[in-house]
Amino acid sequence: MQVRPLSELRSADAAAFGGKSASLGELMAAGIPVPPGFALSSEASLDQAVDRYRELGEPPVAVRSSAVGEDSAEATFAGMQDTYLWVRGADRVRQAVSDCWASLDNPEAVAYRERMGGPPPAMGVTVQVMVDAEISGVMFTCNPVSGDPSVVAVNASWGLGLAVVGGEVTPDEYRVSKVTGEVLQRTIGPKRIEYGPGGERAEVPAARQDVACLDDARLGHLLEVARRVERHFGCHQDIEWAIDREGGLFLLQSRPVTVAPTREAPAGKSAMDLVMKTFGARP
Amino acid sequence: MATTSAETADFPSPFSIETPAGCEGWEEMYPYWALFDEHRRESDENRLWFWNSQHFPFPMPAFDMVEVDHPYYTLGGWQNRAFAVPPAMGVDYRVVNGYVYISPNPVTDPAKMAERAEYFQKRAGHYFQNWDELYAGWRTKMEALNREVESIHVPDLPEYEPDEVVFGDQNLSNIDLLRAFSHTLRCAEMMWQHHFEFLLLGYGAYLTFAEFVRDALPDIPEQHISQMVAGIDVVLFRADTELRRLARAAIEAGVDGAFVEGRSPAEIDADLADSEEGRRWLDELEQIKDPWFNMGTGDGLYHYYGSWHDDPSIPYASLIGHIDALKAGKEIERPTEELAKERDRLAEEYGALLDEEARPAFQELLGLSRTVFPYVEEHKFYCDYWFQSRFFNKVREFGALLAKHGFIGEGEDIFNLSRHEAMQALEELSLTWSTGGPPLGPHHWPPIVARRKELLERLGEWTPPPALGAMPAAVNDPIVVMLWGITPQRLKEWAGSQEGSQLSGAAASPGEVEGPARVIHGLGDLDTVRPGEILVCTITSPAWAPIFSKIVATVTDIGGIMSHAAIVSREYGLPAVVGTGTATSRISTGQRLRVNGSDGRVTILDEA
């Protein structure tokens with residue numbers, strides 16, 4: 001099978017369908033809301049892609065590359081992946097899928113693979129129903145800077161996540177305690193740009209720029225989902241999410257945090273060693 | 001060279017501080033060793049002194065210097081000579097314009113530190129290993145000491161000695177009088193000795209846990225750290241537990257009508273005494289007074305802070321509050337079971353989030369912190385409230401005797417004599433009582449007392465700078481960090497400009513609120529606090545609890561997240577920012593403030 005619904009995929013399918021598709025399948029299996037869609041293996045044909053798109057009812061979709069070996073904890077293939085949003089109609093889908101496959105041969109990707117080594121390249125593609133995002137962003141199941149595992153760190157901005165991922169806005173930043181659900185930090189960013197329905201870039205009306213885009217209830221919901229995802233995968237996750245205009249929360253991607261700063265554990269020190277150290281009686 | 005150090009210092013030279021107008025000669029109130037003096041200029045000018053406003057927010061009355069000398073010679077005794085904390089000897093103090101500045105004496109020689117480490121490990125280790133047993137012994141000896149100081153007999157000086165002196169080999173009354181005064185002072189030294197026996201070790205163990213957790217979980221809110229450790233059923237909460245029980249009993253007995261807001265305790269008592277049920281309730285109240293009415297009305301280190309025995313308006317205000325709440329159908333019990341459950345849940349969840357290698361040390365440190373913490377919380381009750389109020393009341397008895405013989409105008413005036421001068425006055429009284437000759441004291445002491453009263457009032461209007469002398473290269477004295485929260489960051493804030501409308505301190509209790517400020521300089525101002533105000537003070541005491549039901553937030557000059565203001569604020573769910581350094585001098589009553597207890601910021605929103 002070279003084309004399968006995302007909901008059927010599991011981690012083991014990463015070898016054929018790529019990491020992104022496989023992890024979305026895992027999320028769905030864990031009961032976490034993910035926009036429906038299908039995955040193409042590296043062996044699939046463009047015709048198969050178009051057929052399956054028609055079966056989906058030809059909605060606007062996001063077409064994204066899902067490289068084999070991508071999104072593993074060792075390497076992110078950062079920047080090597082293509083994403084086409086608000087793709088409508090069979091012809092455009094065909095073109096987008098074709099572009100994803102072609103991206104394997106672009107010079108950056110070639111250079112990157114040469115540097116990283118590894119098996120010969122293969123590329124899957126993820127096709128998902130577009131979420132008409134009112135708010136979207138990224139969250140980490142730990143503090144990405146300090147590595148503190150007791151918080152979920154959330155970045156959020158208006159519209160599609162493009163603006164956050166692409167660094168076009170300074171998003172709102174939140175830190176939420178996993179232990180009590182308290183919002184420990186809330187820094188409201190100046191959110192000047194948003195990508196709206198259809199993917200148009202627009203200026204955010206002044207009145208909304210400096211308004212927090214997430215309230216405590218939504219942060220609580222994100223926290224709960226983040227904890228489920230972390231538990232499901234058993235390691236810290238870097239998660240893309242979106243909230244649609246009906247208020248539904250969807251995850252668009254989850255991958256292991258690649259360079260989680262490790263906290264230096266005072267290895268082999270007993271409590272008494274540490275107390276003595278406080279008093280300057282031991283090194 | 002003095003001028004050189006004055007230029008390079010980040011804080012004013014202690015020798016450059018001017019005497020406020022009309023306060024000339026303030027130095028005579030204090031012992032010679034308490035002053036900045038030319039003979040120590042070179043060393044004193046080149047070290048950091050910071051105002052210990054946590055313990056001494058007001059100018060020191062002459063007698064109250066016992067509360068400076070005794071603590072620092074017992075703290076140093078334990079820290080430097082008994083436990084030999086490797087990098088830190090004791091803490092020196094100096095008085096400037098009536099205010100107490102302190103400075104630690106570091107150990108810098110590595111060989112010396114290594115030598116001290118051997119002592120420390122062995123001696124502190126013994127305490128940590130046998131904590132519960134040693135602490136049980138401590139409680140017993142503290143209770144005995146509290147009863148000892150209370151039971152000291154202050155003899156009157158009779159016209160004729162009783163028969164027992166002649167036929168029963170008893171001491172002369174004047175000899176007993178002098179012995180009694182010495183005994184009272186020796187009890188105070190004993191209290192301070194006991195006070196510091198466990199304190200450093202207790203704080204150190206807790207601080208180690210807190211540091212460990214902050215390091216492993218940098219985003220953890222401070223209050224979660226203390227919540228994991230804090231005792232649920234500690235002595236400090238017991239007094240109020242008893243008051244809640246009595247509030248219920250008053251309603252059950254149908255005598256709650258006596259508790260009307262605005263009535264004095266005496267009026268309430270008189271009303272209660274009118275009925276059989278009321279008298280029975282008063283009996284019940286009597287039974288809890290020992291020991292629970294030994295709660296302090298202030299932080300203990302000044303003679304004018306008594307206990308609930310001396311000023312029952314605080315417990316009566318609590319009773320009125322509890323009775324009103326109960327009648328309004330509100331729950332007044334502390335949810336101890338839920339608090340205990342939440343404390344264990346936090347510990348379990350944070351523990352589970354840690355790496356496997358870090359978990360055993362976390363568990364062990366948590367266990368040790370919970371072992372030592374009862375002392376950290378409870379010593380306040382035994383020492384700072386119970387002992388102190390009994391001690392000062394005993395001193396008042398000597399004051400009354402001196403007043404009776406005309407040496408001072410009224411008993412309270414004894415607190416304007418140093419303990420040495422009080423002894424001198426008692427010695428002269430003893431002499432002239434025995435000789436029958438004319439005493440000089442009635443001419444000598446009253447003008448001194450009058451001048452000192454005036455001095456204290458004027459000095460009270462002066463705002464001491466937070467620090468003097470040289471900015472240290474590093475702050476590595478664990479005791480100073482532990483007890484006063486003096487960190488390089490804090491010093492930088494003090495040295496930096498404190499202009500503008502922003503103050504920052506430690507985020508001690510989360511939440512954000514706006515409201516009008518009420519600046520409180522002492523216990524006497526407490527009744528000016530109106531509902532909805534933000535309390536701005538140098539430091540608070542848990543005995544101020546009743547006003548926490550009126551205010552909406554707290555801002556203090558000094559204190560860390562373990563300070564009383566912080567603990568009580570969390571208990572009441574009020575935002576608190578502590579350790580701002582200058583809140584009481586920069587904020588005026590009536591100004592609108594925004595207090596953010598989550599990030600430690602205080603904003604002055606407008607002018608009064």
Subject >> Wholly within the range B:460-519, strands (runs of 3 or more DSSP E) carrying at least 3 residues that are over 25 Å from residue B:220 (Cβ atoms) >> reply: B:467-469
Subject >> Some residue of the range A:238-250 being within 14 Å of another protein chain (Cβ to nearest Cβ) and closer than 25 Å to residue B:224 by Cβ >> reply: no
**OP:** Give just the number: which of (1) at pLDDT below 90; (2) within 26 Å of residue B:149 (Cβ to Cβ) does residue B:289 not satisfy?
**Re:** (1)
Original post:
What number of residues within the range B:252-266 satisfy the criterion of being of a type in the set (Gly, Ala, Ser) and part of a loop (DSSP other than H, G, I, E, B)?
Top reply: 4
Subject >> Residues (closer than 21 Å to residue B:600 by Cβ and aromatic (Phe, Trp, Tyr)) located in the range B:193-241 >> reply: B:206
Original post:
Of all residues in the range B:8-33, how many are under 30 Å from residue B:414 (Cα atoms) and surrounded by fewer than 20 Cβ atoms within 10 Å (Cβ to Cβ)?
Top reply: 14
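Across the range B:313-356, what is the number of residues that are under 20 Å from residue B:269 (Cβ atoms) and among the acidic types (Asp, Glu)?
Filtering the range B:313-356 for residues under 20 Å from residue B:269 (Cβ atoms) gives B:313-324.
Restricting the remaining residues to those that are among the acidic types (Asp, Glu) gives B:324.
Residues meeting the conditions: 1.
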Original post:
Does residue B:413 meet the test of being under 23 Å from residue B:98 (Cα atoms), touching a strand residue (DSSP E or B) at 6+ places or on another chain (Cβ under 8 Å) and crowded, with 18+ Cβ neighbours inside 10 Å?
Top reply: no
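Pick from the range B:210-223 the residues that are within 8 Å of another protein chain (Cβ to nearest Cβ) and buried (at least 24 other Cβ atoms within 10 Å of the Cβ): which of them is farthest from residue A:182 (Cα to Cα)?
B:212
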Original post:
Hey, among the residues in the range B:237-287 that are within 24 Å of residue B:307 (Cβ to Cβ) and of a type in the set (Ser, Thr, Tyr), which one's surrounded by the fewest Cβ atoms within 10 Å (Cβ to Cβ)?
Top reply: B:264
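Could you look through the range B:127-140, keep only residues that are assigned to a helix (DSSP H, G or I) and exposed (fewer than 15 other Cβ atoms within 10 Å of the Cβ), and pick out the one that is nearest to the other protein chains (Cβ to nearest Cβ)?
That would be B:129.
Looking at the range A:146-171, which of its residues are assigned to a loop (DSSP other than H, G, I, E, B), touching a residue at least 60 places away in the same chain (Cβ under 8 Å) and either more than 20 Å from residue A:198 (Cα to Cα) or of a type in the set (S, T, N, Q) (or both)?
Passing the criteria: A:146, A:147, A:148, A:149.
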Original post:
Within the set of pairs 6 or more residues apart or between chains, which connect a residue that is within 16 Å of residue B:296 (Cβ to Cβ) inside the range B:312-329 to a residue that is outside any loop (DSSP other than H, G, I, E, B) and among the hydrophobic types (A, V, I, L, M, F, W, C) with Cβ atoms less than 6 Å apart?
Top reply: B:315/B:243; B:318/B:243
Original post:
Do we have any residue at all in the range B:353-372 that's in contact with a helix residue (DSSP H, G or I) (Cβ under 9 Å, 6 or more places away or on another chain), more than 14 Å from chain A (Cβ to nearest Cβ) and not in a helix (DSSP H, G or I)?
Top reply: no
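Kindly indicate which of B:157, B:201, B:236, B:207 is assigned to a helix (DSSP H, G or I), farther than 30 Å from residue A:184 by Cα and either touching a residue at least 40 places away in the same chain (Cβ under 8 Å) or not assigned by TED's automatic domain parsing to the domain that holds residue B:389 (or both).
Of the residues listed, the single one that is assigned to a helix (DSSP H, G or I), farther than 30 Å from residue A:184 by Cα and either touching a residue at least 40 places away in the same chain (Cβ under 8 Å) or not assigned by TED's automatic domain parsing to the domain that holds residue B:389 (or both) is B:201.
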**OP:** Name the single residue, out of those in the range A:76-92 being among the aromatic types (Phe, Trp, Tyr) and modelled with pLDDT of 65 or more, that is farthest from residue A:123 (Cα to Cα).
**Re:** A:86
Subject >> Residue that is in contact with a helix residue (DSSP H, G or I) (Cβ under 8 Å, 6 or more places away or on another chain), more than 14 Å from chain A (Cβ to nearest Cβ) and not acidic (Asp, Glu), where the choices are B:320, B:332 >> reply: B:332
Original post:
What pairs come up if the first residue lies in the range B:565-587 and is within 21 Å of residue B:605 (Cβ to Cβ), the second is of a type in the set (Phe, Trp, Tyr), and their beta carbons are under 7 Å apart, counting only those six or more places apart or on different chains?
Top reply: B:574/B:548; B:581/B:494
Original post:
How many of the residues making up the range B:80-126 are in the same structural domain as residue B:29 (by TED's automatic domain parsing), in a helix (DSSP H, G or I) and in contact (Cβ under 8 Å) with a residue 60 or more places away in the chain?
Top reply: 0
Subject >> Residues of the range B:417-433 classified as among the polar types (S, T, N, Q) and closer than 13 Å to residue B:444 by Cβ, total >> reply: 2
**OP:** Evaluate the range B:417-427: report whether one residue or more is within 30 Å of residue B:586 (Cα to Cα), of a type in the set (D, E, K, R) and either part of a helix (DSSP H, G or I) or outside the structural domain of residue B:588 (by TED's automatic domain parsing) (or both).
**Re:** no
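Okay, residues lined up against (1) surrounded by 14 or more Cβ atoms within 10 Å (Cβ to Cβ); (2) of a type in the set (A, V, I, L, M, F, W, C); (3) under 30 Å from residue B:359 (Cβ atoms); (4) within 13 Å of another protein chain (Cβ to nearest Cβ):
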position: A:150; (1), (2), (3), (4): yes, no, yes, yes
position: A:170; (1), (2), (3), (4): yes, no, no, no
position: A:177; (1), (2), (3), (4): yes, no, yes, yes
position: A:184; (1), (2), (3), (4): yes, yes, yes, yes
position: A:195; (1), (2), (3), (4): yes, no, no, no
position: A:199; (1), (2), (3), (4): yes, no, no, no
position: A:204; (1), (2), (3), (4): yes, yes, no, no
position: A:207; (1), (2), (3), (4): no, yes, no, no
position: A:212; (1), (2), (3), (4): yes, yes, no, no
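Residue-by-condition table, conditions (1) touching a residue at least 12 places away in the same chain (Cβ under 8 Å); (2) crowded, with 22+ Cβ neighbours inside 10 Å:
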| position | (1), (2) |
| --- | --- |
| B:367 | no, no |
| B:371 | yes, no |
| B:376 | yes, no |
| B:403 | no, no |
| B:408 | yes, yes |
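Results for (1) more than 14 Å from every other protein chain (Cβ to nearest Cβ); (2) assigned to a helix (DSSP H, G or I); (3) out of contact with any helix residue (DSSP H, G or I) (no Cβ under 9 Å at 6 or more places or on another chain), shown as yes or no for each residue.
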{"residue": "B:228", "(1), (2), (3)": "no, yes, no"}
{"residue": "B:231", "(1), (2), (3)": "yes, no, no"}
{"residue": "B:243", "(1), (2), (3)": "yes, yes, no"}
{"residue": "B:246", "(1), (2), (3)": "yes, yes, no"}
{"residue": "B:250", "(1), (2), (3)": "yes, yes, no"}
{"residue": "B:268", "(1), (2), (3)": "yes, yes, no"}
{"residue": "B:278", "(1), (2), (3)": "yes, yes, no"}
{"residue": "B:284", "(1), (2), (3)": "yes, yes, no"}
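A quick yes/no check of all residues on (1) touching a Lys or Arg at 6+ places or on another chain (Cβ under 6 Å); (2) more than 27 Å from residue B:418 (Cα to Cα):
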site: B:33; (1), (2): no, no
site: B:51; (1), (2): no, no
site: B:71; (1), (2): no, no
site: B:76; (1), (2): no, no
site: B:83; (1), (2): yes, yes
site: B:92; (1), (2): no, no
site: B:110; (1), (2): no, yes
site: B:114; (1), (2): no, yes
site: B:126; (1), (2): no, yes
**OP:** Hey, can you tell me all the residues within the range B:1-60 that are closer than 25 Å to residue B:482 by Cα, at pLDDT 95 or above, among the aliphatic types (A, V, I, L, M) and not in a loop (DSSP other than H, G, I, E, B)?
**Re:** B:34
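The values are calculated or read from the model by the stated rules, or taken from the named source; none is laboratory data. Not measured: the values here are computed from a predicted model. Because the Cβ atoms are built from the backbone with ideal geometry, glycine has one as well, and the counts that use them run over all protein chains shown.
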